[in-house]
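Below is one structure, written out as structure tokens; comments come after it.
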Amino acid sequence: MRRFDADYLDATREGMWADSRDALAPLELDTRERVLDVGCGTGKLTAVLAEETDGEVVGLDADPGLLAHAREVGPVVAGDATRLPFPDDSFDLVVCQALLINLPDPAAAVREFARVSRGAVAAVEPDNGLVTVESTVDAESRLAAKAREAYLAGVDTNVALGADARDLFTSAGLTDVRTRRYDHARRVAPPYDQAALEAATRKASGAGLESDAGEIRKTLSDDEYDELRAAWREMGRAVIEQMQDEAYHRTETVPFFVTVGRT
């Protein structure tokens, strides 16, 4: 399973569901008595679930460091998504967000979700192959697309799962499977917060690209990677220059697909 630290999870999930929660309507949260958030991380989705239901919401994650953050939201349990530490029919909704894309065997996890749910199972999964970047720095969109293409070819899990989660649901015996798309737009604009400034610095140093170097290098030669990294750093310097003039704007749109099925 691919793992991430708290800062990464908070940055990628910041603002999700802030503008609209319509895509969560099929979860029927107002009717749920006991909900399990699998792979809860720092508890971003757990908090949303707790706001939308009067029932109990339990977070589960394999990383004790992340659970230390999620514990501030509500009750948490340490556990493996493919071997949930609960008896059959323990919850009336089991849900995850951006978890299946990071599992080597997502089908096993969905089967476990179905086992411990007496009502419904839901997954909120992105399709990273459909991510778009719009930027006032001309080179940024092109370089982001090139890096993403290489990353997708080199990563060892299905990070473009998206709407195809419905096939996993059907195979697990879930019925009335439905999928709804939700586009999460991450925007950078003046005045820039600390996270935006740090992201620009990471671009200029090449550190932002290095975080995915293991996957990218599987599909690019050393020379191709070095060329990409040099262009990436130059792009980062252009970002910082525009920020100094408060002229930099960036929108990254990540399509998420909310899939729901009944047990």
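The values are calculated or read from the model by the stated rules, or taken from the named source; none is laboratory data. No experiment lies behind these values; they were computed from the predicted model shown. Positions of Cβ are backbone-derived with ideal geometry, glycine not excepted, and every protein chain shown enters the neighbour counts. Calculation scope for accessible area: heavy atoms of the full protein, side chains included, ligands and nucleic acids excluded. Shrake-Rupley method; radii C 1.70, N 1.55, O 1.52, S 1.80 Å.
Quick look at the values:
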{"item": "Selected residue [touching a Gly at 6+ places or on another chain (Cβ under 6 Å), in contact (Cβ under 8 Å) with a residue 40 or more places away in the chain and aliphatic (A, V, I, L, M)] from Leu174, Leu228", "result": "Leu174"}
{"item": "Number of the exception - Ser211 against (1) loosely packed, with under 14 Cβ neighbours inside 10 Å; (2) of a type in the set (Ser, Thr, Tyr); (3) modelled with pLDDT of 95 or more", "result": "(3)"}
{"item": "Residue tally, condition in a helix (DSSP H, G or I) and open to solvent by less than 80 Å² (accessible area, probe 1.4 Å), over the range 171-200", "result": "5"}
{"item": "Qualifying residue in the range 220-236 (condition: modelled with pLDDT under 95 and either closer than 30 Å to Val116 by Cβ or not in a helix (DSSP H, G or I) (or both))", "result": "no"}
{"item": "Cβ-Cβ under 8 Å pairs, at least 6 apart or on other chains, the range 238-263 side under 27 Å from Ala160 (Cβ atoms), far side among the acidic types (Asp, Glu) and open to solvent by less than 10 Å² (accessible area, probe 1.4 Å)", "result": "Val239/Glu140; Arg250/Glu140; Phe256/Glu125; Phe257/Glu125; Thr259/Glu125"}
{"item": "Given (1) closer than 21 Å to Arg187 by Cβ; (2) not in a strand (DSSP E or B), index of the condition Phe256 fails", "result": "(2)"}
{"item": "Pairs where the first residue, in the range 144-168, is closer than 11 Å to Thr259 by Cα and the second is surrounded by fewer than 20 Cβ atoms within 10 Å (Cβ to Cβ) and hydroxyl-bearing (Ser, Thr, Tyr), C-beta under 9 Å, 6+ apart", "result": "Gly162/Thr179; Ala163/Thr179; Ala165/Thr179; Arg166/Thr179"}
{"item": "Selection within the range 22-72 - hydroxyl-bearing (Ser, Thr, Tyr) and either closer than 18 Å to Gly261 by Cβ or surrounded by fewer than 19 Cβ atoms within 10 Å (Cβ to Cβ) (or both)", "result": "Thr31"}
{"item": "Given (1) surrounded by 17 or more Cβ atoms within 10 Å (Cβ to Cβ); (2) at positive phi, index of the condition Glu246 fails", "result": "(1)"}
{"item": "Residue in the range 225-243 that is surrounded by 15 or more Cβ atoms within 10 Å (Cβ to Cβ), within 23 Å of Ala139 (Cα to Cα) and touching a His at 6+ places or on another chain (Cβ under 9 Å) present", "result": "yes"}
{"item": "Elements of type strands (runs of 3 or more DSSP E) contained in the range 86-138, each with 3 or more residues being open to solvent by 10 Å² or more (accessible area, probe 1.4 Å)", "result": "132-135"}
